[in-house]
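So the structure is just underneath, and the comments pick up after that.
The values are calculated or read from the model by the stated rules, or taken from the named source; none is laboratory data. These figures come from a predicted structure and were not determined experimentally. Here Cβ is always computed from backbone atoms with ideal geometry, including for glycine, and neighbour counts include all displayed protein chains. Accessible surface is based on the protein model in full, side chains and every heavy atom, while ligands, DNA and RNA are left aside. Shrake-Rupley method; radii C 1.70, N 1.55, O 1.52, S 1.80 Å.
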Amino acid sequence: MEASKEAFLREFGEHYGYPNGPKTIDEIRATEFKRLDGLVYLDHAGATMYSELQMEAIFKDFTTNVYGNPHSQSDTSSSTSDIVREARQQVLDYCKASPKDYSCIFTSGATAALKLVGEAFPWSCQSCFTYTMENHNSVLGIREYALDQGAAAFAIDVEETVHHGVSTGTAASMKVLQHQVQRRNEASSLEEPTGEAYNLFAFPSECNFSGLRFSLDLVKIIKEDPARILEGSPFCNGRWMVLIDAAKGSATEPPDLSLYPADFVVMSFYKLFGYPTGLGVLIARNDASRLLKKTYFSGGTVATSIADIDFVRRRKSVEELFEDGTISFLSIASVHHGFKILNSLTVSAISRHTASLAWYVRKKLLGLRHENGARVCTLYGDSKALFHDFGPTVSFNLKRSDGSWCGYREVEKLASLSGIQLRTGCFCNPGACAKYLGLSHLDLRSNFEAGHVCWDDHDIIHGKPTGAVRVSFGYMSTFEDAKKFIDFVTSSFVALPNWIESGYQLMQGSESRLGAASFYLKSITVYPIKSCAGFNVESWPLSTSAGLLHDREWVLTSLSGEILTQKKVPEMCFISTFIDLNKGILFVESPRCQVKLPINFITDSCNGGSEQIKLNGQRYEVQSYKNEVNIWFSNAIGRPCTLFRCFSSNHNFCLNKIKSASMGREVQSMLNFSNEAQFLLISEESVSDLSHRVSTNVQKGACGAASQISPMRFRPNIVVSGGEPYAEDGWKNLKIGNKYFTSLGGCNRCQMINIVHDEAGLLQKSNEPLATLASYRRMKGKIFFGILLKYERSEPVGRDGDLWLQVGQDVHPNVS
């Protein structure tokens, strides 16, 4: 056993690994989670993993027993009803809720359960919806129902008063900050709330952003003495009901409803034991559920109804009243097998096991320092809020040695390359995100106006992070998972002595060394259709405006208008292309299509219509094709798609419109459907050096020999040869033959370069070569390889001259 694990076990050994359970953690992983070998999964707050034995038991159950629709009197239906009743009782038992006081209502998830409460709650213009800042969007959505009914809504921050560094944890020590009261109907704000109005207070048992657990004492305080929380508020005298969002917290510490009698609790089963998904539960106090107002009725919810007159009588049972239609009875039948696992390990043991891993990670992250002594990690959740403890979640951001932030997408991308799956962003918890990141309302609005939305790549705006990195642990997580994550952060983000910041150096050689090198144009590749295969040529003309003639002039889109690329449709790499300039025909072939498809530039274009599409924020006027062409491409990639061609007349229009010579560069830097620039240049020597590094890294990892990497892996237009590896990094501009080009900087690489198709025509995906590039070619969250070029036309507009590139031409770079 290595020293680090021995040290960990000395500190956490009595809590880690289920020492008193039916299986140790190592036995659990070896027998029930074999599919996690080689993978570190750290997003259990998003969805935990199901056990392979659990799924085997479910499959055996379903193939042995017959389950029918429970809305019937048949034997199979009666058996199903029994299973459903048992599942309801298991849910109530899990939260120590007596069936005399509580009912278990199955929903499609925790979100649906929250929506049910918001829809059916007895709001009035004197009601109030109050919620803690740390709440999921699914809870905040209840605010819409309250405001639409004329009720008030406001958020609060609940904190403890700390004396001499010691938190008392008592209700008397609480300090509450009330945020602005929100109303949509100003007239209702003139009415003084009476004690008859129903109000709702919502909080999570565990914050899914930070992992901090709220004290369940809040349930009793709000119900028995709301003035402690809402001091000075006119809503203190109303009838308060409490909702707990336990979707995150219930996996390791379900709320004890025998001690803390909340009115509503919501959970999702995939957060507990991985499967089933699409099934949640609302645990409702019987007296509270009778106050809910339900409008819609459906099959299963009525005792009787008459079709042609306004007559309906609803069922009395709470479950039957709120479960519209046929419940997901097969999913409910599988719940038993999940609870069996939790009960065998015990929730208390799971809580201790996962907490030990979270505390280990927090401790290690806090201890990381750059070589200059600066902290590497900022952890979130170390506030003075009234929290009971931490759940098995760690939320943080990383800083470079110069104090600048590392973007969370950079961390996520590099983690994925290291076989680590984690979560980034705001985790659908905007209040916690803004609170811990220090984002004002102005920041949030300006970020949105700058284009930032949930799940995008805008991780740093105006020098501030827009989200965080989150790792979370489940009952099957191991010390090895935590250790590999810490090792990853240390090796990728901690600046040590002699460590080059972000691992990226530009090769800026001297004039003499550059002069000694002899560069020449090794190959030219044209890619007519974006993300499809290209073809090599000995010579090729330059477009008067957009790079190589016909390069990425065509694009495939889905029927909904989404631009298709190999990132989402890797089968596009099997479509080969060739252009016969003399005939004016684009030829395309695919192993999935029996015939070669010729597309005539003139006649085929005349048969389609024109429309506009959007790519990378730019609008393009495009030419469509007749249905036979689209059917061919749909068969080639295995999904419906449409082919479009960028209008050449659009470029001619721009050229004719702009006469000023000073505007020529802007006109000539136009793009077809390429992402960033007209040309991508790769050096043969750089590819050779990378290939050697990949081979070395693979051998160190005992994964066998690596195959030689081809320059075509990077989809370059131009491959040059001569000189030293990465000499192109320092080029400011260059001359190929008698044509001049300007370097726009390095090309930021993505995981598309990890996809390759073998000789058998099968797609293969690995972590290479991007993982190796990340180890020495990373700068400020980007991984560079190759350079982007823009053609600097020297001929006057309207006089084309010799606009051809030729393989073998000399390449003369300039670094000044």
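Quick notes
- Residue selected from the range 493-520 under the condition in contact with a Ser or Thr (Cβ under 8 Å, 6 or more places away or on another chain) and modelled with pLDDT of 55 or more, by the criterion surrounded by the most Cβ atoms within 10 Å (Cβ to Cβ): F519
- The residue of the range 743-755 that is nearest to L680 (Cα to Cα), among those that are in a strand (DSSP E or B) and open to solvent by less than 40 Å² (accessible area, probe 1.4 Å), is C747.
- Screening the range 18-45 for residues that are modelled with pLDDT of 95 or more and small (G, A, S) and picking the one that is farthest from G425 (Cα to Cα) gives A30.
- Test for I787: is it over 19 Å from K413 (Cα atoms) and at pLDDT 90 or above: yes
- The residues in the range 181-218 that are modelled with pLDDT of 80 or more and not in a helix (DSSP H, G or I) can be counted, and the count is 25.
- Of all residues making up the range 232-242, the number that are part of a loop (DSSP other than H, G, I, E, B) and either open to solvent by 30 Å² or more (accessible area, probe 1.4 Å) or basic (K, R) (or both): 3
- Test result for G141, under 29 Å from the mean Cα position of the chain (by Cα) and surrounded by fewer than 17 Cβ atoms within 10 Å (Cβ to Cβ): yes
- Cβ-Cβ distances below 9 Å connect the following pairs, each with a first residue in the range 237-251 that is more than 13 Å from T48 (Cβ to Cβ), a second residue that is surrounded by fewer than 24 Cβ atoms within 10 Å (Cβ to Cβ) and of a type in the set (S, T, N, Q), and a separation of six or more residues or different chains: N237/T194; G238/Q126; G238/S127; G238/T194; D245/S138.
- Filter result (of a type in the set (G, A, S) and surrounded by fewer than 12 Cβ atoms within 10 Å (Cβ to Cβ)) within the range 20-54: G38
- The range 141-153 residues that are in contact (Cβ under 8 Å) with a residue 60 or more places away in the chain, paired with ones that are open to solvent by less than 10 Å² (accessible area, probe 1.4 Å) and small (G, A, S) (beta carbon under 7 Å, 6 or more apart): I142/G118; I142/A202
- Tabulated pairs, the range 270-289, first closer than 16 Å to S258 by Cα and of a type in the set (K, R), second open to solvent by less than 50 Å² (accessible area, probe 1.4 Å) and in a loop (DSSP other than H, G, I, E, B), C-beta under 9 angstrom, 6+ apart or interchain: R285/A97; R285/L257; R285/P261; R285/A262; R285/D263
- Some residue of the range 221-231 being touching a helix residue (DSSP H, G or I) at 6+ places or on another chain (Cβ under 7 Å), of a type in the set (A, V, I, L, M, F, W, C), modelled with pLDDT under 90 and not in a strand (DSSP E or B): yes
- Filter pass, L257 being crowded, with 21+ Cβ neighbours inside 10 Å, in a loop (DSSP other than H, G, I, E, B) and at pLDDT 95 or above: yes
- Within the range 584-626, considering residues that are at pLDDT 90 or above and β-branched (V, I, T), the one farthest from E571 (Cα to Cα): I585
- The range 696-739, subset at pLDDT 90 or above and part of a helix (DSSP H, G or I), residue farthest from N675 (Cα to Cα): A727
- Any pair with Cβ under 6 angstrom, 6 or more apart, that starts in the range 25-51 at a residue that is of a type in the set (F, W, Y) and ends at one that is outside any helix (DSSP H, G or I) and open to solvent by 30 Å² or more (accessible area, probe 1.4 Å): Y41/Q421; Y50/Y275
- Taken over the range 313-343, residues that are closer than 26 Å to E11 by Cβ and open to solvent by 60 Å² or more (accessible area, probe 1.4 Å) amount to 0.
- Conditions (1) small (G, A, S); (2) exposed (fewer than 14 other Cβ atoms within 10 Å of the Cβ); (3) closer than 15 Å to H353 by Cβ: number failed by G17: (2)
- Residue within the range 92-103 that is farther than 18 Å from D245 by Cα, among the acidic types (D, E) and at pLDDT 95 or above present: yes
- The set of residues from the range 790-815 being at pLDDT 90 or above and either within 18 Å of E412 (Cβ to Cβ) or touching a Pro at 6+ places or on another chain (Cβ under 9 Å) (or both) comprises W804, L805.
- Selection status of T772, open to solvent by 30 Å² or more (accessible area, probe 1.4 Å), of a type in the set (S, T, Y) and either more than 20 Å from N672 (Cα to Cα) or not in a helix (DSSP H, G or I) (or both): no
- If you go through the range 63-115 and keep only what is of a type outside the set (S, T, Y), closer than 16 Å to T301 by Cβ and out of contact with any strand residue (DSSP E or B) (no Cβ under 7 Å at 6 or more places or on another chain), you end up with N69, P70, H71, V84.
- For the range 530-589, the strands (runs of 3 or more DSSP E) that sit wholly inside it and include 1 or more residues that are over 21 Å from F714 (Cα atoms) are 539-541, 554-557, 576-580, 585-589.
- Some residue of the range 161-180 being part of a loop (DSSP other than H, G, I, E, B), modelled with pLDDT under 95 and within 27 Å of T111 (Cα to Cα): yes
- One residue stands out in the range 23-44 among those that are out of contact with any helix residue (DSSP H, G or I) (no Cβ under 8 Å at 6 or more places or on another chain) and in a loop (DSSP other than H, G, I, E, B): the one that is farthest from A415 (Cα to Cα), namely T24.
- Count - residues of the range 462-476 that are at negative phi and either touching a Cys at 6+ places or on another chain (Cβ under 8 Å) or surrounded by fewer than 15 Cβ atoms within 10 Å (Cβ to Cβ) (or both): 4
Every residue, every condition in (1) in contact with a Ser or Thr (Cβ under 6 Å, 6 or more places away or on another chain); (2) at pLDDT below 95, yes or no:
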position	(1), (2)
T277	no, no
I309	no, yes
T354	yes, no
R375	no, no
